[in-house]
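Here is the structure we will look at.
The values are calculated or read from the model by the stated rules, or taken from the named source; none is laboratory data. Source: prediction; values computed, not measured. Note that we place each Cβ from the backbone using ideal geometry, even for glycine, and neighbour counts take in every protein chain shown.
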Amino acid sequence: MYPTITASVPLLEPPYWAIAQRGLFDLLDQAWRRFECDFTGPDGRLNYRDQLTSRDGVDDFYETFFNWPQLYLLGGADDLLPASERHWMGVTQQLTELGLLHGEYERGYDWFHQGESLLLFYFLCMAAPDRWADRALRFAELYVDPAHGNYDPDRRIIRRPHNGSDPQREGLFDDKSYPWLPQEAQLYGFPLEWALPPGSGEPDRDQDPRLGAEMRRRMAVGDTAVNLAASGLVLNALLLTGEQRYRSWIAEYVGAWRERAVGNGGIIPDNVAPDGTVGGLLEGRWYGGHYGWSWPHGWYSVGQAATVAALAAVAATGDESFLDLVRPALDEVIRRGKTIAFTEADSSLRSRWTVQLAEDVDTPTWHVPFRYDDRGWFDYNPMMLAVPAALWHHSAGAVDRERLETLRTSSGHDWRVVRPFRTKEEAGHEEPWLAFLAGDNPTYPEQILAAAQAQVRHRLARMERYRHEDVAEADIHLWQQSNPVVTEALVQLTWGGPQVIYNGGLQQARIRYYDAHAHRPGLPPSVAALVSSIDPEATTIELINLDPEAARSLVLQAGAFAEHSIRSVQYTACTDSSWLGDLYDYGHQQPAVTSQLIQGDGPWLGVELPPSTRVRLTLRLDLRSQPPSYRMPFGS
């Protein structure tokens, strides 16, 4: 079914990155078991006895485990997959009892949070498609089938910002006014700021036109840009079935938003009234929608949703121009940037950047505006690289590469520095990874693996402190903050991809692996992998079998969804055994390493790794030449 090569270069001095990588797998295996013991019950649900008094919370329960099946896909323990499935089942039952789910799906909430909730589900579908297909199709139908009340096919809109399995779920909240906390108001300001007459005093919350009835009237109906993340749910169904109806829905819905962006000078608007007009409920403003450009997060939420949708549309249709749903807005915020120190910025995301920049918070560097309202552009932050990195990883094109180079040149801080932090997205180390791929950060693998170790051990210590806590509703982020599974380093180093886009993306990867002996996804035990180049003409991977006695067999896959084709493979070989020397020699000779070439014709390559061997592969790939799907090299 696919060509196979056998490694023959002896492994004499294992590189530190390989030992550290397998050490991280071992530590993670201990860590997730500890978390299970400390924070979950026998049926998989989280230890929680309180109620949930608002629409918020579904995402916080599921997010706790979002990267557990991802770790399994990377090569985590065999029983990590059934554990992840048990936790999804337990949490789903728990949230149903708490009144937030119907038919195992969110009753109705915004897609900024729904996207976060669904990452766990998407990875389960990727790991065990046969077991999760029925649910995946049922969930996608909530949007593809207009009978469920979410989608208006005539106007090509999702009908309301809070949507899901309950067609009776209306509005944005259940109280009279939006339940602002003082800290939130200070960070994000108020939606519909223009609705308050200039110079007027601060009204009571239930009288504030920015928060109560006007929010319901102007922001709680019609489509909003973050709903674009629903395309990831439909793409998941397409990957499982290949059915044309899912392909058509993605093209239709994302295509409608692309037309609106073109009509707005290339920048995607954030709101569409029920009659299909941009700004129809906001007195003509293309900005100001729920989770849109003005409030609360701007580019952070709009950019991620648009990227999820653009990549889904390209996967569904093969039309690369869908990426232009994202590029003009991205380039506009970059064009509006300025060089300042973060301590001088008006950022609403201060807690993120103080750990990511660390000692560079006072260093002048490039900042871009995340938000826009009647005042113009504001809320300046360093550019989050999740979106530009995802675009470049997908296209491998000059325009997307040059954008990254421009951002690096404009930065006042050193992209090569690796700092030990773990954001909510379990991402944020794109800069040093990209510098490594550019060839000028050679110690990055060792540094990021050390940083990952630090975060796991930090989380284990936090778990020890809080494991006996009776969690209150206000503290449900404790589980996310204690989740000790970290995968960003392994995704970058072994798959050659960025971490998944957190608000509802599907995984990107240049390479994935299957254990050919166990017939399951992931690297086999004792095998380490390092992707050092992701250029389609020269995707370079080193594979090492650290086991001195047992052989390993794996299948290498081109692309997260077998969407690329391997055209040729150049690989290292050692056919001369004279490196062993004679019986009475005190040492060994340097192995004579040569290069061999084979042709490929599809997404898979078999690799046999005898004990203590290594092989360096240079693959020539044809990107997106195969239909993307969850198919595996050895069947289901």
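Test D50 against the stated conditions and say whether it is surrounded by fewer than 15 Cβ atoms within 10 Å (Cβ to Cβ) and closer than 30 Å to A220 by Cα. Give the steps one after another, and end with the answer.
Numbers: surrounded by fewer than 15 Cβ atoms within 10 Å (Cβ to Cβ): yes; closer than 30 Å to A220 by Cα: yes.
Criteria met by D50.
Please indicate, with yes or no, whether at least one residue in the stretch 59-69 is within 23 Å of A516 (Cβ to Cβ), at pLDDT 95 or above and not assigned by TED's automatic domain parsing to the domain that holds D515.
There is at least one residue in the stretch 59-69 that is within 23 Å of A516 (Cβ to Cβ), at pLDDT 95 or above and not assigned by TED's automatic domain parsing to the domain that holds D515.
The rows are residues; the columns are (1) more than 39 Å from the chain's Cα centre (by Cα); (2) of a type outside the set (V, I, T); (3) surrounded by fewer than 19 Cβ atoms within 10 Å (Cβ to Cβ).
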residue	(1), (2), (3)
P548	no, yes, yes
V555	no, no, no
I566	no, no, no
S578	yes, yes, yes
A592	yes, yes, yes
Q596	no, yes, yes
P611	no, yes, yes
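Within the bounds of the stretch 207-219, is there any residue that is modelled with pLDDT of 95 or more, touching a Gly at 6+ places or on another chain (Cβ under 9 Å), part of a loop (DSSP other than H, G, I, E, B) and more than 30 Å from Q499 (Cβ to Cβ)?
No, the conditions are met nowhere in the stretch 207-219.
Do you know which of the residues in the stretch 62-101 that are among the charged types (D, E, K, R) and over 15 Å from the mean Cα position of the chain (by Cα) is farthest from W32 (Cα to Cα)?
E97
Y143 is checked against (1) touching a residue at least 60 places away in the same chain (Cβ under 8 Å); (2) on the phi > 0 side of the Ramachandran plot and fails just one. What number does that condition carry?
Y143 satisfies all of (1) touching a residue at least 60 places away in the same chain (Cβ under 8 Å); (2) on the phi > 0 side of the Ramachandran plot except (2).
Applying the selection to the stretch 249-287, what residues are free of Cβ contacts under 8 Å to residues at least 24 places away in the same chain and among the β-branched types (V, I, T)?
Once the filter is applied, which keeps residues that are free of Cβ contacts under 8 Å to residues at least 24 places away in the same chain and among the β-branched types (V, I, T), the stretch 249-287 yields V262, T277, V278.
Yes or no: the stretch 576-598 includes at least one residue that is of a type outside the set (F, W, Y), under 30 Å from A133 (Cα atoms) and part of a strand (DSSP E or B). So that I can check it myself, show each step before the final result.
Quick first cut of the stretch 576-598, residues of a type outside the set (F, W, Y) only: 576-578, 580-583, 585, 587-598.
Then drop every residue that is not under 30 Å from A133 (Cα atoms), which leaves none.
Scanning the stretch 576-598 turns up no residue that is of a type outside the set (F, W, Y), under 30 Å from A133 (Cα atoms) and part of a strand (DSSP E or B).
If you go through the stretch 324-341 one residue at a time, do you hit one that is crowded, with 23+ Cβ neighbours inside 10 Å, modelled with pLDDT of 95 or more and small (G, A, S)?
Yes, the stretch 324-341 has at least one match.
Just to confirm my filter: which strands (runs of 3 or more DSSP E) fall fully inside the stretch 485-566 and include at least 1 residues that are more than 23 Å from A396 (Cα to Cα) and of a type in the set (D, E)? I'd like the intermediate steps shown before the answer.
Working: elements: 511-515, 527-535, 538-545, 552-558.
Because the criterion is at least 1 residues that are more than 23 Å from A396 (Cα to Cα) and of a type in the set (D, E), the strands (runs of 3 or more DSSP E) in the stretch 485-566 that meet it are 511-515.
With the condition being out of contact with any helix residue (DSSP H, G or I) (no Cβ under 6 Å at 6 or more places or on another chain) and surrounded by fewer than 21 Cβ atoms within 10 Å (Cβ to Cβ), I'd like the helices (runs of 4 or more DSSP H) fully within the stretch 63-160 carrying at least 3 qualifying residues.
80-97, 129-144
Tell me which residues, restricted to the stretch 49-62, are part of a helix (DSSP H, G or I), more than 11 Å from L120 (Cα to Cα) and of a type in the set (D, E). Before you say what the answer is, go through the steps one by one.
Keep residues of the stretch 49-62 that are part of a helix (DSSP H, G or I), which gives 58-62.
Add one more test, that the residue is more than 11 Å from L120 (Cα to Cα), and what stays is 58, 60.
Answer for the stretch 49-62, where residues must be part of a helix (DSSP H, G or I), more than 11 Å from L120 (Cα to Cα) and of a type in the set (D, E): just D60.
Picking from D29, D78, D59, D38, which residue would you name as being in contact with a His (Cβ under 7 Å, 6 or more places away or on another chain), in contact (Cβ under 8 Å) with a residue 12 or more places away in the chain and of a type in the set (D, E)?
D59 is the lone residue from the list that is in contact with a His (Cβ under 7 Å, 6 or more places away or on another chain), in contact (Cβ under 8 Å) with a residue 12 or more places away in the chain and of a type in the set (D, E).
Is it true that E106 is more than 25 Å from Y291 (Cα to Cα) and out of contact with any Phe, Trp or Tyr (no Cβ under 7 Å at 6 or more places or on another chain)?
Considered against the rule, which asks whether it is more than 25 Å from Y291 (Cα to Cα) and out of contact with any Phe, Trp or Tyr (no Cβ under 7 Å at 6 or more places or on another chain), E106 comes out as no.
Taking the stretch 599-636 only, how many residues are modelled with pLDDT of 95 or more and either assigned to a loop (DSSP other than H, G, I, E, B) or under 17 Å from V9 (Cα atoms) (or both)? Can you show your working first?
So in the stretch 599-636, the residues modelled with pLDDT of 95 or more come out as 599-600, 602-633.
Filter again for either assigned to a loop (DSSP other than H, G, I, E, B) or under 17 Å from V9 (Cα atoms) (or both), leaving 603, 606-618, 623-633.
Here the count works out to 25.
Assuming Q481 fulfils every condition listed in (1) surrounded by fewer than 20 Cβ atoms within 10 Å (Cβ to Cβ); (2) in contact (Cβ under 8 Å) with a residue 40 or more places away in the chain; (3) more than 28 Å from Y16 (Cβ to Cβ) apart from one, which condition is it?
(2) is the only condition that Q481 fails.
I'm trying to understand the selection: among the residues of the stretch 438-449, which are more than 9 Å from A489 (Cβ to Cβ) and buried (at least 19 other Cβ atoms within 10 Å of the Cβ)?
Hits for the stretch 438-449 are N441, Y444, Q447.
Looking at the stretch 437-459, can you tell me whether even one residue there is under 23 Å from A309 (Cα atoms) and in contact (Cβ under 8 Å) with a residue 40 or more places away in the chain?
no
Could you check how many residues of the stretch 280-337 are in contact with a helix residue (DSSP H, G or I) (Cβ under 8 Å, 6 or more places away or on another chain) and among the aromatic types (F, W, Y)?
Selection size over the stretch 280-337: 5.
Taking the conditions exactly as written (charged (D, E, K, R), over 28 Å from A562 (Cα atoms) and crowded, with 24+ Cβ neighbours inside 10 Å), does D208 satisfy them or not? Reasoning before the result, please.
Values: charged (D, E, K, R): yes; over 28 Å from A562 (Cα atoms): yes; crowded, with 24+ Cβ neighbours inside 10 Å: no.
No, not satisfied.
For L530, state whether it is within 30 Å of the chain's Cα centre (by Cα) and assigned by TED's automatic domain parsing to the domain that holds R22.
yes
Being assigned by TED's automatic domain parsing to the domain that holds W68, closer than 28 Å to P432 by Cβ and either modelled with pLDDT of 95 or more or in contact with a Cys (Cβ under 8 Å, 6 or more places away or on another chain) (or both) is true for just one of G522, G504. Which residue is that?
G504 is the lone residue from the list that is assigned by TED's automatic domain parsing to the domain that holds W68, closer than 28 Å to P432 by Cβ and either modelled with pLDDT of 95 or more or in contact with a Cys (Cβ under 8 Å, 6 or more places away or on another chain) (or both).
Condition first: over 30 Å from G75 (Cβ atoms) and of a type in the set (G, A, S). Now tell me which residues in the stretch 123-181 satisfy that.
A147, G149, G164, S165, G171, S177
On the given criteria, is G255 surrounded by fewer than 24 Cβ atoms within 10 Å (Cβ to Cβ), outside the structural domain of A562 (by TED's automatic domain parsing) and in a loop (DSSP other than H, G, I, E, B)?
no
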